[in-house]
1. Show that you can apply the helix-only estimate: for the chain, add -39,500 (n - 2.57) for every DSSP H stretch of four or more residues, divide by all residues, and state [θ] at 222 nm to the nearest 500.
2. Compute a Gaussian network model of the chain, connecting alpha carbons closer than 10 Å, and tell me which residue from ASP47, ASP278, ASP30 fluctuates the most.
3. Dipole of the chain (Lys/Arg Cβ +1, Asp/Glu Cβ -1, origin at the Cα centre): which of SER49, ILE305, LEU6 lies farthest to the positive side?
4. Rank HIS156, VAL170, HIS180 by how far each Cα sits towards the positive end of the charge dipole of segment 117-182 (+1 on Lys, Arg Cβ; -1 on Asp, Glu Cβ) and give me just the farthest.
5. Please compute, for the alpha-carbon atoms of segment 247-306, the extent along each of the three principal axes and give them in descending order in Å.
6. With the full set of protein chains in place, find how many percent of the accessible area of segment 48-169 is carbon and sulfur; take the probe as 1.4 Å.
7. Would you please report the Å³ per residue occupied by the convex hull of the alpha carbon atoms in the chain?
8. On a 1.4 Å probe surface of the protein chains, which of PHE240, PHE72, PHE158 comes out largest in accessible area, and what is the full order?
Amino acid sequence: MYICILMDISVVIPLLNESESLRELYAWIDRVMKKENFSYEVVFVDDGSTDDSWNIINELRKEHNEVKGIRFQRNYGKSPALHSAFQMVQGEVVITMDADLQDSPDEIPELYRMIKENKYHMVSGWKKKRYDPLTKTLPTKIFNATARAFSGIHLHDFNCGLKAYDRQVVKSIEIYNDMHRWIPFLAKNAGFTKIGEKVVQHQARKYGHSKFGLNRFANGYLDLFTLWFLSKFGKKPMHFFGLIGSLIFVIGFFAVLAVGGIKAYSLFKGIPAPLITDTPYFHIAIACMIIGTQLFLAGFIGELITRNSAERNQYKIMDELK
């Protein structure tokens with residue numbers, strides 16, 4: 001019989017080609033944990049590295065029982081790395097951090113206390129002072145402002161890799177594609193609404209180079225809209241497509257009546273008037289009716305799909321009394 005032994009903290013570190021920093025990072029984490037007398041584990045997730053990262057993780061595992069590792073056969077991305085690690089963690093508090101030494105393990109004790117003593121479901125780091133170029137910091141500020149507006153979560157740095165979670169959060173959410181940027185939004189949608197933030201130290205990169213390009217901002221906006229739509233209309237698509245489709249159809253329908261009415265009035269009064277099909281308004285009105293019908297049908301098909309989904313009545317229950 002398998003018995004899950006909980007410990008104080010699980011540190012999850014996704015990485016790609018960070019062999020130079022791994023030993024230094026683990027030694028730093030180990031010093032902090034021993035100083036605070038925490039029981040802990042460190043889960044390294046090698047996301048398809050082509051350098052010596054996995055060999056170093058293997059060596060660390062042989063030297064320290066606290067080290068665990070997951071190795072992907074190829075590069076899948078940060079979200080799959082976090083999702084896989086969250087399935088195996090055993091800590092009451094889960095800390096995520098990057099492997100490039102830009103996140104300070106000295107922040108761990110306070111993050112832990114905010115979860116355990118202040119009863120936050122999740123705490124996100126805020127790199128208030130950043131050692132990044134303007135080409136990275138300016139898009140980040142715009143990105144975070146948009147995220148706050150859409151999600152209703154007042155965080156300054158959604159994409160900070162240094163975060164702390166109550167164990168129940170990481171076991172309840174599913175991270176896929178590039179949704180690691182939106183874990184606070186995912187947590188909120190799952191019912192974990194006590195989300196805080198902490199100003200954390202941001203250090204200049206010591207080794208290697210960043211693995212993320214500017215395309216992450218464009219992808220991030222698309223993912224944000226997807227999450228917003230799913231949170232609002234994921235189980236009731238007709239409320240979105242049906243409403244908009246109906247409005248557009250009604251506008252087109254009354255526009256056709258207006259065009260036809262003007263033509264009939266002209267004929268009744270003997271006033272010369274062009275053919276209905278020669279006016280642009282007629283074609284615009286017909287296009288509105290067609291588009292409105294298509295949107296309405298899209299909502300109807302969406303309803304059929306959701307009502308036949310095996311997960312349509314699956315809800316996360318926190319407590320139950322019988």
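1. It lands at -15000 deg cm²/dmol.
2. ASP278
3. Of the listed residues, the answer is ILE305.
4. The one lying farthest along the dipole's positive direction is HIS156.
5. Computed over the Cα atoms, the extents are 55, 16, 11 Å.
6. Details: 2670 of 5660 Å².
Its accessible area is 47 percent carbon and sulfur atoms.
7. Values: hull volume 68.4 nm³, N = 322.
It is 212 Å³ per residue.
8. Order by accessible area, largest first: PHE240, PHE72, PHE158.
The values are calculated or read from the model by the stated rules, or taken from the named source; none is laboratory data. All values reported here derive from a predicted model rather than from experimental measurement. In this analysis, Cβ positions are derived from the backbone assuming ideal geometry, glycine residues included, and neighbour counts consider all displayed protein chains. Please note that ligands, DNA and RNA were not included when accessible areas were found on the heavy atoms of the full protein model with its side chains. Shrake-Rupley method; radii C 1.70, N 1.55, O 1.52, S 1.80 Å.
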